[in-house]
Amino acid sequence: MKPVFPILLVIAVSCSAQARQIVIASKKFTESYVLGEIAKRTLVNAGFAAELRQGMGGTIILWQALLQGEIWLYPEYTGTIAEEILKRKEPMSTDEMGALLRQRGVGMTEELGFNNTYALVMQRNRAIKLGVHQISNLRTYPDLKVGLTHEFLDRQDGWAPLSARYGLQMRNVRGVEHALGYAALANGSIDLKDAYSTDARITENDLAVLDDDLHFFPQYKAVFLYRLDMDVRAVAALQKLAHTLDQSQMARLNSEAERTKDYALAASLYFDQKPVASSNDFIRKIAGWTLRHLELVAASLLLGIIAGVPLGILASRPGPVSNFILAISGVIQTIPSLALLALLVPLPFFGISPVTAVFALFLYNLLPIIRNTATGLQEIPTAVRESAAGLGLEPNAQLWKVFLPLASRTILAGIKTSAIINVGTATVAALIGVGGLGEPIISGLNLNDYKTILQGAIPAALLALLVQFFFDGLERVFIPKGLRLKQ
Amino acid sequence: MIAPINLCRELQKDALSKMIKLRSVSKTFGTTVALHETNLDVPTGDTTVLIGPSGCGKSTILKLIMGLLEPTSGSIEIDAERVSQANILRLRRRIGYVIQEGGLFAHLTARQNVLLMAKHLKEPVERMETRLLELCELTHFPEYALQRYPVELSGGQRQRVSLMRALVLKPSVLLLDEPFGALDPMVRAGLQDELKEIFKRLQQTIMMVTHDMAEAAFFADCIVLLNEGRKVQSGTLEDLRTTPESDFVHEFLGAQRALETI
């Protein structure tokens, strides 16, 4: 069994160093997926090898990845560039923006054509009933239930300055995931949410877009950001996309993508071609995700055991060292997985790669392994400890020949707990484009499509069961017979 | 065979008459005194029994000798060697230590428990096997049960395994901490008889801890009575009975006798 783990580790780690092909990334929403596919098709047509990493976290993660050369290009919006990346409050021209980006080694294509700005939307009949047509009308209704995406809530050009500008004092504001927000709007659990002006859902769900009567929202023109050291022919190919996509066409592509759940197909509409046969091999797709998932779990678990058991041994001896180890591993456990990834990605050596995902999962593995190792050792009766010492065994021999075997059941239980939790946690790896069963789950969540979610969730659940059985089998091998017998 | 051994014993007694010496040894845990400054000599080849009510410090003395506890003050000598961190491992290997609960390792069979240390020291396999059979014979432990794990053994059998484990390296001292404490009375009486027989055959220096006066009288060449961390009196049962050095000696003996006559 043992030799398999290092191999998986090598596989998981080496995936970041693949052949030199152009790596495109997209953010995790439909339009970004479609634009990513369009860029990929464009580059492939121009004769480049291109790979698309779908649905990677948010602006900061992608920007850092671009700066570090983890990715070569991704679709972005001028408003986001000004506010989030360049942190400028005053409006600026595209030339100015291009110049500032160039200083950081990043190029910006000309705008693709459409303006996807933020908008506030409501159910149309509700808006009519209340007489709300403009954002300023909302002042009359401070009790409306507002459900905003987390990004919009926190943005410099988001909810807080908007409220200040319009003098809104909404009392009932909370964060809701984007796709779920549309469902919440449809069933009336919220009255108002933020949207992108090209969202397919606006026409599909017959939503009213509130007029931005004070012109608060900046322009969100779509562009591609690319590394200046990218091949000039590739840049030229991308530049040809300039001014070829208007608002209605983009909305149509988005709507098509959401209907078919196939971004490549939607992108192909842009090229007015028959879609390239997308790898429809369902089983192969799921097997690929599952295998990658398993690699992430196995590699991080292996590291968890290598570090966790020795730390557990240290933590089993009461004192400040023990308290420190247990406190730190406890604190790590409380960091939300997405936040941990966001913290790791900008660090050197990490970035957008399987290494980052494996490291984050490894950190989450530590607590159960450390705690169970420490507890298992502490539970050994004093009589047994004194007997082992009394025989004249060296402290190391006491540990290896007596204490660790006696604690093996508890230690293995900790490893098993880690492994099973890990199968669940590893789904976040998809947020940084590392793949695994999180990929269908996240894209399904964005599309509000349960079928796609289940494509990831069911194999993940089965995998957790499999891991459970695997460890039950392992107990027969690793736990000495004398401990498995009943009194 | 018996005569020369006896002769040796007499010679040893003259030459190196004290196997274990405690000089001004004390032990405190925080503010609690487990053992006040104590001097104690354990004659070579004799059976010395430490007795006293619980908390009197009798087990503490054994743990101090084993180096499981460090004395707060004073020094301990085993076979004319002063116990220190440097030689404690070597000294422990020359002492057999048997404790109340047996302290057997649940993940090892009876055979593995007995031979653990011998294997660790890479003793030749043949010699180990011979020794194991000798010990089975000595302790009346059935050979067929050697493959069993501690949970599969009776309380008496577990104590026999614990004794075999203590004896496997032919120690020069045997320390027993309430070896019958966890056994029911019938098994206990039988094992006491056997153990006395074994002691007789071994002709070794033995230190035993008990709280039972009858047991002490049954085994001891010399009884050391302790109370509240102090040595109260030492001598034969007869000495303690006829010339008690304090009221406590009288009371302790009296209480024990009263229990036995019920």
* A:Leu391 passes all but one of (1) within 30 Å of A:Asp472 (Cα to Cα); (2) within 14 Å of another protein chain (Cβ to nearest Cβ); (3) among the aliphatic types (A, V, I, L, M); which number fails? -> (1)
* Asked: In region A:64-87, what count of residues is obtained for those that are assigned to a loop (DSSP other than H, G, I, E, B) and among the aromatic types (Phe, Trp, Tyr)?
  -> 1
* To do: Please give the number of the condition A:Thr149 fails out of (1) of a type in the set (Val, Ile, Thr); (2) modelled with pLDDT of 90 or more; (3) farther than 30 Å from A:Arg233 by Cα.
  => (2)
* **Single residue of A:Glu90, A:Glu96 found to be assigned to a loop (DSSP other than H, G, I, E, B), free of Cβ contacts under 8 Å to residues at least 24 places away in the same chain and more than 23 Å from A:Leu148 (Cα to Cα)** => A:Glu90
* To do: Kindly establish whether A:Ala413 is surrounded by fewer than 21 Cβ atoms within 10 Å (Cβ to Cβ), away from every other protein chain (no Cβ under 13 Å) and closer than 29 Å to A:Pro310 by Cα.
  => yes
* Given A:Tyr196, A:Tyr166, which one is of a type in the set (Ser, Thr, Tyr), within 30 Å of A:Gln249 (Cβ to Cβ) and either surrounded by fewer than 16 Cβ atoms within 10 Å (Cβ to Cβ) or not assigned by TED's automatic domain parsing to the domain that holds A:Gly79 (or both)? -> A:Tyr196
* Given the conditions (1) closer than 20 Å to B:Arg230 by Cα; (2) buried (at least 23 other Cβ atoms within 10 Å of the Cβ), and given that B:Gly74 satisfies all but one, which numbered condition is not satisfied? -> (2)
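Looking at A:Val345, is it under 30 Å from A:Glu70 (Cα atoms) and either crowded, with 18+ Cβ neighbours inside 10 Å or outside the structural domain of A:Gln68 (by TED's automatic domain parsing) (or both)?
So A:Val345 fits the description; yes.
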* Enumerated helices (runs of 4 or more DSSP H) restricted to region B:51-153, each holding at least 2 residues that are more than 9 Å from chain A (Cβ to nearest Cβ) -> B:58-65, B:110-120, B:125-139
* Asked: Can you pull out the residues in region A:355-384 that are farther than 26 Å from A:Ser300 by Cβ, in contact with a Phe, Trp or Tyr (Cβ under 8 Å, 6 or more places away or on another chain) and either more than 13 Å from chain B (Cβ to nearest Cβ) or part of a helix (DSSP H, G or I) (or both)?
  -> A:Val384
* Asked: Here are some conditions: (1) β-branched (Val, Ile, Thr); (2) surrounded by 23 or more Cβ atoms within 10 Å (Cβ to Cβ); (3) assigned to a helix (DSSP H, G or I). A:Ile352 meets all but one. Which one does it not meet?
  -> (3)
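For (1) under 17 Å from the mean Cα position of the chain (by Cα); (2) of a type in the set (Gly, Ala, Ser), each residue gets a yes or a no:
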site: A:Leu367; (1), (2): no, no
site: A:Ile380; (1), (2): no, no
site: A:Arg385; (1), (2): no, no
site: A:Ala388; (1), (2): no, yes
site: A:Asn396; (1), (2): no, no
site: A:Glu439; (1), (2): yes, no
* Restricting to region A:442-467, what's the tally of residues that are more than 30 Å from A:Arg201 (Cα to Cα) and either surrounded by fewer than 14 Cβ atoms within 10 Å (Cβ to Cβ) or within 14 Å of chain B (Cβ to nearest Cβ) (or both)? -> 2
* Residue check: is A:Ile313 touching a residue at least 24 places away in the same chain (Cβ under 8 Å), surrounded by fewer than 21 Cβ atoms within 10 Å (Cβ to Cβ), among the hydrophobic types (A, V, I, L, M, F, W, C) and within 14 Å of chain B (Cβ to nearest Cβ)? -> no
* **A:Ile328 closer than 28 Å to A:Ile61 by Cβ and either part of a loop (DSSP other than H, G, I, E, B) or free of Cβ contacts under 8 Å to residues at least 12 places away in the same chain (or both)** => yes
* To do: Go through region A:142-156 and give me each residue that's assigned to a loop (DSSP other than H, G, I, E, B) and buried (at least 19 other Cβ atoms within 10 Å of the Cβ).
  => A:Leu144, A:Thr149, A:Arg155
* **Residues of region B:187-207 satisfying the condition of being in contact with a strand residue (DSSP E or B) (Cβ under 7 Å, 6 or more places away or on another chain) and under 16 Å from B:Thr139 (Cβ atoms)** => B:Phe199, B:Gln204, B:Ile206
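The values are calculated or read from the model by the stated rules, or taken from the named source; none is laboratory data. The shown structure was predicted, so the numbers you read here are calculated from the model rather than taken from an experiment. Counting neighbours? That spans all protein chains shown, and the Cβs are built from the backbone with ideal geometry, glycine included.
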